[in-house]
Structure formats: structure tokens, C-alpha cells
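These notes are about the structure you will find just below.
Read the figures in this text as sums done on the coordinates, not as results from a lab. All values reported here derive from a predicted model rather than from experimental measurement. Here Cβ is always computed from backbone atoms with ideal geometry, including for glycine, and neighbour counts include all displayed protein chains.
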Amino acid sequence: MINAIATRFRQLMAGRKSRIAYFQQHNRKNQTRRSLVLYACIGLVGTILAFLLIASPGFTQQPQPQQTLLVATRAIPPFVIQDKEDKDRLSGFSIDLWRSIANKMGVESKFIQYPTVSELLAAIQENKAKLGIAAISITAERQQYFDFSLPILAGGLQILVRNAENNNTGFANILQLFFSASLLQVIGIALLLIAVAAHIIWLSERNHKEGMVPQSYFPGIFKACWWAAATLATQADEMPKGVLGRLVGIVWMFIGVLFAAYFTASATTSLTVQQLQGDIKSIDDLPGKIVATTAGSTAAAYLREHHISVLQVPKIEEAYKALMTKKADAVVFDAPVLLFYAANEGKGKVQVVGSILREESYGIVLPNDSPYRKPINRALLNLKENGTYQSLYDKWFDAKES
């Protein structure tokens, strides 16, 4: 009996252990499945996040400090100046400014030169260069295709002309004086005074028995006009005989002396102004003239908008040459560039006249959505705050244009 109970107890215990083992094995399988599902979910989320991170522009286009940036530029003094012996050795305001910006950003850069602004912009668009700097105007049209940094300089368009002594001959200046509005005004006043004086003399002398003019109006008034004109020029050869006529004659002679002095001073002043300024002083004087500028520039577009005849050349140096050889009457271009030329190579030969035709700002040009725009702007602001920018400006503009 006891043995039977013991045997039954062992059987029950063995069955319980087998059930416990079964449940434990089943739980382990469930835990394994849950772990596999959890790991699969984590892997899927990680894959999606990695794909989104790689696909984002900020990840793929982050500036690399070790990367050498290709910087497009073009020779345009005083922004970019080529060394006379080594064309690849550059200096100038834009060159010095970019080197300071690159130093702040911690990047290496290399300049690539292009002959025109159109080719420079094309290089940026075709990804041959990461950015461009020279004297590149920020315009609404260019903003459609490019990004720009904060302005690096404020300027605008202005007019360059030959000095008057290199422009007209003395005879041409005299002819221009005779047909000037100021001289025509003086002549009109003189004719009016002559007519008034002639009538007074004719009225006072016509009834005098020894009067110098005939009694009849014609030809008496003609002789009176002749006398008034001769006296005004201080060349009178006959004097009135009557008392009233002589009183008028005395007053008229004083008027003649004053008029001769005024006329001489006015003519001298007009000739002096012509010698100093020439006949082009503002945009209003350009219609009918030939104006040189560079092709593809904002100056060329401005002149076309105002229906002014434009001589377009590849480089600004060719525009200067056209002006000096009288193939062009004026040059319209960026004011800082013209002022630099007039104060240096063109000193005594040319001059900048008039006010700014249209204000413009110059900036660093970049492709759209360029990752370098914000670092460049931060560096530029820092250079302005610490005085470096002002030092560069004084170096290349204040001293060079004085």
C-alpha cells in the first residue's frame, strides 16, 4: 500500500515537472519572438532615420574645413588687381576681404580667374566654383538664379568723361559758348536795353536842329540803335546835342561800361566751366552720345533702359581706351572702379562727373541653398565688428581715390 502511494506520488511529481518544463519552454519561445520583433522595429526605425539624415541637404552639403574652395573672380581694380609680372598673383579689396573671411571660416581656397562677369556667373551655375567675389552687383534678376552674401560694399553707377582739354579745341569751345543758353540770355537783355535807349535818344534828338538822328522814325531809329549799340560796347563816335539826350548818353555810357564788364566775366566763367567739366555732366547729357561699358554688366542694362547708345566691350580697360581714342563720349560703370582709375592711371586725363545714377550693392555670389552663405555672413559681420573691414576699406578706397 505504501509502495503504491509512493509510486503514485512520484508519477504526479514527474507530470508536474514536465508541465512546468513545457510552460518554461513556451515562455522562452514567446520571449524570443518578442525580442526579435522589438529588434526588427528598432532596426527599421534606425534605417528610416539614417535614410532621412543622409537625404537631407544639410547633411550632404556641410562645409568641409579641409576642402579647398574654388573661388571665381575677375580682374577689376581696385577690387581685384593682377600683378604685372605674375597674372596669378592677386591683390585688391575683394581679395583681401575674402582671405580674411576664409581665415575666420577655417577653410582653404583657390582663386580661378574669368575674363567677364557673365563667365564668372556661369562658372558658379555650372558648379565649376563654389562662390564668386569681385565687384558683383546684387540685383533682383540675379537673385532668381543665385544666392548672395550680405553686401560687402555700397556703390553705384557713375559717369567717366575725358577732361575738357583732351576733348574740344579752343575754337569748338568758343562756338559752344556762343550757342549756350547763358550767353543767349545776356544778348537778349542787351538787345532790349539797346531798343529802349535808341527810342529815348530818337525822341529827344529828332526835333533838335543839330540832332544826330533824322526826324522821321525810319531811318532815324536805325541810327539811334547803332549809337546805342556802339555806346554799349564803349565805341560811340558821336554824342547827342540836346540836354535830355546828353543826360541819357551819360547814363547809357555807365551802363555800357558795366555791361562790358559783366559780359566779359560771364564769358570767362562759361569758358572756365567748360574747361573743367566739358559738355557731359549728368544722365540727361548722354542721349545722342556713345557710351562705353562692359557687356553683361548692370551698367549696360541701365543704359539700354534709358535708350542710350551703348558700346559694349569685354573688359573695362577697353572702355577706357575707347574713351581716350574718342570712339566713345563717356563710360558708365561702377563708381568705385571709375574713381580708382581717375585717381591713378587716368589722372589728369579723365574725370568722374555727376552724382550716382543708380545705387547698387556688391556681394559674394553663391549657388542657391549654398551651405557657405551663413558661415560667410557670420565671418563678414565679425570682420565689420572688429574693425578689419574698415581697415581694408581705408587701404583700397580712401587712400587710392584721394
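Checking the structure you have, find out if any residue of the range 273-288 is of a type in the set (D, E, K, R), surrounded by 15 or more Cβ atoms within 10 Å (Cβ to Cβ), over 22 Å from Phe93 (Cβ atoms) and without any contact (Cβ under 8 Å) to a residue 12 or more places away in the chain. Checked against the condition, which is being of a type in the set (D, E, K, R), surrounded by 15 or more Cβ atoms within 10 Å (Cβ to Cβ), over 22 Å from Phe93 (Cβ atoms) and without any contact (Cβ under 8 Å) to a residue 12 or more places away in the chain, the range 273-288 yields at least one hit. For Leu311, indicate whether it is touching a residue at least 40 places away in the same chain (Cβ under 8 Å), touching a helix residue (DSSP H, G or I) at 6+ places or on another chain (Cβ under 8 Å) and hydrophobic (A, V, I, L, M, F, W, C). Taking the combined requirement at face value, the residue does not satisfy it.
For the range 290-314, which positions are among the small types (Gly, Ala, Ser) and either in a loop (DSSP other than H, G, I, E, B) or under 24 Å from Arg74 (Cα atoms) (or both)? Residues satisfying the conditions are Ala292, Ala295, Gly296, Ser297, Ala299, Ala300, Ala301.
Has the range 358-370 got any residue that is touching a Gly at 6+ places or on another chain (Cβ under 9 Å), surrounded by 13 or more Cβ atoms within 10 Å (Cβ to Cβ) and among the β-branched types (Val, Ile, Thr)?
The answer is yes, given that some residue of the range 358-370 is touching a Gly at 6+ places or on another chain (Cβ under 9 Å), surrounded by 13 or more Cβ atoms within 10 Å (Cβ to Cβ) and among the β-branched types (Val, Ile, Thr).
Across the range 239-256, what is the total count of residues that are of a type in the set (Gly, Ala, Ser) and either at positive phi or without any contact (Cβ under 8 Å) to a residue 40 or more places away in the chain (or both)? The number of residues fulfilling the criteria is 2. Give the residues of the range 362-402 that are over 23 Å from the mean Cα position of the chain (by Cα), assigned to a helix (DSSP H, G or I) and of a type outside the set (S, T, N, Q), sorted by residue number. Lys374, Pro375, Arg378, Ala379, Glu385, listed by residue number.
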